[in-house]
Amino acid sequence: MKLEKMFKVLFIALLLGVNYCFATSWSSNTIEVNNHQLHYYEAGSGKAVYLLTGYATTSNFWSKPFVNCLAKDYKVVLVDYYGINSNIKNDSNSSIRAMAADSFALSQALKSKHPVFIGWSMGGAVAQQIAFDDADAEIKQVVLISPLTVDNQPTMPSDVDSSEIIAPLRTYNDILNYVFYNNLYDYSPKQLSYYKNNLFKPKDKLFPGGKVSANQSIAMNAWANDPNTLENVKKSKVSFLFMVPLQDKILLPNMTTAYSKKFMHAKLVEFDGSGHNIAMQAPEQVCKQIKQFID
């Protein structure tokens, strides 16, 4: 009997040990590039992939299951734009091109060869611009998740649309309910705990200050209305993967699909049953598609 108990203890210890071994270990770092201090998280090994987050979010807002899935096969870097998740505030006007230059410079400082940039929402515009500005053809592949495009401006649901989901925004959970409602298909406040706990760093700062968000809004509008952007689209020889959610409330899916056809080399994957933040709503499926594209 004692021997049987001993084997049970050893078996449980082995299971715990296996789980521990496969736990993803992330480091938090800062680096100076282009005279800007950038913050980033890093985990995994192998080919480098850089994740560029969307409008008015920090890298803490990424889906933990999604980034951990990627980190099993790649070196994953979660990028914060200048002045975000940093002791240094950036209240000056920025641009998509400046964010792109900083993000690319980060990849070069970390000595990443042919890095893959994965951009969600506004980050999709940043990823595109990185490819457009890459004169040395260092970038071969770019992944765009619900990306901002030149002819598809973000539209937030009205307060009337969301009135059934939230009361006035009095608490942090009210804010999360509002954000999740806008970004996830068929979201209910009953799901708050689930999605909140699946954030990369749910207890850390998820959203930058109002000044940063306002500057990002100006930057998105300027990029989308710059005639050079569309010219760059037509000339780019980089391979793009477009991941388009069919129930996107923020960016019209049909317009994103039409935009993808303007590129020389673009693969389109549509997701039925998902809102704007596909990586949060369908992390395993998005991870699988990215791996198939990269490999």
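The values are calculated or read from the model by the stated rules, or taken from the named source; none is laboratory data. Only a predicted model underlies this, so the values are computations on that prediction, with no experimental measurement involved. A quick note on method: Cβ atoms are made from the backbone with ideal geometry, for glycine too, and the neighbour counts reach across all protein chains shown. For accessibility, only protein heavy atoms count, side chains too; no ligands or nucleic acids. Shrake-Rupley method; radii C 1.70, N 1.55, O 1.52, S 1.80 Å.
Within region 38-59, residues that are under 25 Å from Ala214 (Cβ atoms) and of a type in the set (Asp, Glu) reach no partner that is assigned to a loop (DSSP other than H, G, I, E, B) and open to solvent by 10 Å² or more (accessible area, probe 1.4 Å) with beta carbons closer than 8 Å at six or more positions or on different chains. Within region 176-188, the only residue that satisfies the criterion of being open to solvent by 60 Å² or more (accessible area, probe 1.4 Å) and of a type outside the set (Asp, Glu) is Tyr185. Within region 34-42, not a single residue is part of a loop (DSSP other than H, G, I, E, B) and at pLDDT 95 or above. Just to be sure before I move on: is Lys203 modelled with pLDDT under 95, surrounded by 15 or more Cβ atoms within 10 Å (Cβ to Cβ) and either not charged (D, E, K, R) or not in a helix (DSSP H, G or I) (or both) in the structure I sent? The answer is no for Lys203. For first residues located in region 199-218 and closer than 14 Å to Val179 by Cα, partners that are of a type in the set (Phe, Trp, Tyr) and open to solvent by less than 50 Å² (accessible area, probe 1.4 Å) and lie 6+ apart or on another chain with Cβ distances below 7 Å form the pairs Leu199/Phe61; Leu206/Phe61. Screening Ala48 on (1) at pLDDT 95 or above; (2) open to solvent by 50 Å² or more (accessible area, probe 1.4 Å); (3) of a type in the set (Gly, Ala, Ser) shows it passes everything except condition (2). Ser274 fulfils the conditions (1) under 12 Å from Ile145 (Cβ atoms); (2) of a type in the set (Ser, Thr, Tyr); (3) more than 18 Å from the chain's Cα centre (by Cα) except for a single criterion, (3).
Applying the criterion of being among the polar types (S, T, N, Q) and open to solvent by less than 40 Å² (accessible area, probe 1.4 Å) to the residues of region 69-108, the residue that is farthest from Leu176 (Cα to Cα) is Ser107. Sort out which residues of region 142-170 are at pLDDT 90 or above, among the β-branched types (Val, Ile, Thr) and not in a loop (DSSP other than H, G, I, E, B), and write them in order of number. Passing the criteria: Val142, Val143, Ile145, Thr149. Return the residues of region 260-293 that are closer than 22 Å to Ala48 by Cα and among the aromatic types (Phe, Trp, Tyr); say none if nothing qualifies. Matches in region 260-293: Phe293 only. The residue pairs whose first member lies in region 65-78 and is over 17 Å from Trp120 (Cα atoms), whose second member is open to solvent by less than 10 Å² (accessible area, probe 1.4 Å), and whose beta carbons are closer than 6 Å, counting only pairs six or more residues apart or on different chains, are Ala71/Ala43; Tyr74/Val49; Lys75/Ala48.
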